[in-house]
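The structure appears below as structure tokens.
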Amino acid sequence: MMRWFDKWFQKQAKKAWEAEQKAQHNLIYTDSNPRSLSSSKIDANGINMKLHIANGGYIVEFHRYDDHKDRAFNELHVINDGEDLGERLSEIIVQYIISNR
């Protein structure tokens, strides 16, 4: 009876160890943000966007860093509850990208 349990426990522990090793292998850590190895790192600054839930709607926050000017830029947009979230969010994203080219 004990041999069965020992073998079963060893098998479960090995599966857990291998799964953890595989998960660690699939992640790289840059700037404290885990990123998948499948997405190659682009040597450029991207745009970060956050969507905050607020009373009466949403707040869309954009953040980007300009290496050349050594400056951080933040921009806020408000989406009211009565507006279509998906449509309005896509309009704001397109507007932000066009204005920051």
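Being touching a residue at least 24 places away in the same chain (Cβ under 8 Å) and more than 21 Å from the chain's Cα centre (by Cα) is the requirement here; does E83 meet it? The answer is yes for E83. Quickly run through the range 64-80 and pick out the residues that are within 22 Å of the chain's Cα centre (by Cα), within 17 Å of R101 (Cβ to Cβ) and of a type outside the set (D, E, K, R). Across the range 64-80, the qualifying residues are Y65, F73.
Condition check ((1) in contact with a strand residue (DSSP E or B) (Cβ under 8 Å, 6 or more places away or on another chain); (2) surrounded by 11 or more Cβ atoms within 10 Å (Cβ to Cβ); (3) in a strand (DSSP E or B); (4) modelled with pLDDT of 90 or more) across all residues:
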{"residue": "R35", "(1), (2), (3), (4)": "yes, yes, yes, no"}
{"residue": "N48", "(1), (2), (3), (4)": "yes, yes, yes, no"}
{"residue": "L51", "(1), (2), (3), (4)": "yes, yes, yes, yes"}
{"residue": "H63", "(1), (2), (3), (4)": "yes, yes, yes, no"}
{"residue": "K69", "(1), (2), (3), (4)": "no, no, no, no"}
{"residue": "I79", "(1), (2), (3), (4)": "yes, yes, yes, yes"}
{"residue": "R88", "(1), (2), (3), (4)": "yes, yes, no, yes"}
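Within the range 90-101, being surrounded by fewer than 10 Cβ atoms within 10 Å (Cβ to Cβ) and in a helix (DSSP H, G or I) holds for I98, S99.
The values are calculated or read from the model by the stated rules, or taken from the named source; none is laboratory data. What you are looking at is a predicted structure, and each value in this text was computed from that prediction instead of being measured. Cβ coordinates were reconstructed from backbone atoms using ideal geometry, including for glycine residues, and neighbour counts include every protein chain displayed.
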